[in-house]
1. Would you kindly state how much longer the chain becomes between Asn45 and Ala28 on full extension, computed as 0.36 nm times their sequence separation minus their alpha carbon distance, in nm to one decimal?
2. To the nearest 20 debye, what is the magnitude of the charge dipole of the stretch 18-127 about its Cα centre, counting +1 on the Cβ of each Lys and Arg and -1 on the Cβ of each Asp and Glu?
3. Go through the stretch 122-138 residue by residue and turn each phi into a ³J(HN,Hα) via Karplus (6.51, -1.76, 1.60, θ = phi - 60°); whole Hz please, and just put x for glycine and proline.
4. Report the gain in length on full extension from Ala128 to Asp145: 0.36 nm times residue separation, minus Cα-Cα distance, nm rounded to one decimal.
Amino acid sequence: MGVRFLPLALAFAVLAARGALAVDCTPASVLCVPEESTLANAFQNVAHGGTIDVAPGSYTAPSSPAPGGFRLGTDKNRSFTVRARNGLGSVTLTGNNATPVVVLDTLAAGRWITFEGLRFVNGRSTVANFAGGATLKNARATFSDCEFLGNRAATGAIGGMTSPPIVMTA
């Protein structure tokens with residue numbers, strides 16, 4: 001009896017491995033990039049408690065407003081998750097050696113941003129106290145299964161990240 005379903009199971013496994021199965025973007029709490037939004041807009045518009053689900057690929061951080069980077073926007077009173085849809089290595093956030101990758105500034109008390117399975121690559125800051133990979137100023141973040149590669153910073157920061165509290169998990 002189980003043998004009859006083997007071809008169906010194999011077909012499902014092949015489709016899943018090729019990414020042919022669509023992610024469910026219908027819940028209001030999930031913003032899918034690039035299907036529903038650019039990554040920069042998703043950072044600014046994701047709801048409190050929401051998730052930004054990022055499809056495999058490379059995403060370049062905006063260069064403005066200075067010093068650049070993916071930013072929160074005006075609503076600082078929210079916690080959310082940014083995750084690589086297919087896990088570590090499938091999504092690269094890059095500054096192209098010209099701008100910081102992520103800048104989190106003045107997050108409301110008790111709020112937290114979680115990053116899962118992302119690569120922060122070639123971020124560059126020429127502004128004092130800003131890191132190339134991720135800068136947190138009065139903000140909190142967790143980086144789970146993330147990589148920081150080739151990031152550079154100006155004085156007062158390290159290339160990958162600056163400013164606690166930061167939780168890193170493997």
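No value in this document is a laboratory result; all are computed from the given coordinates. It should be emphasised that the depicted structure is a prediction, and the values quoted were computed from it without experimental measurement. As a convention, Cβ positions derive from the backbone with ideal geometry for all residues, glycine included, and neighbour counts pool all protein chains shown.
1. This chain segment gains 5.0 nm when fully extended.
2. Once rounded to the nearest 20, the dipole reads 240 debye.
3. 6, x, 9, 10, 10, 9, 4, 6, 10, 8, x, x, 8, 10, 10, 10, 6
4. 3.3 nm
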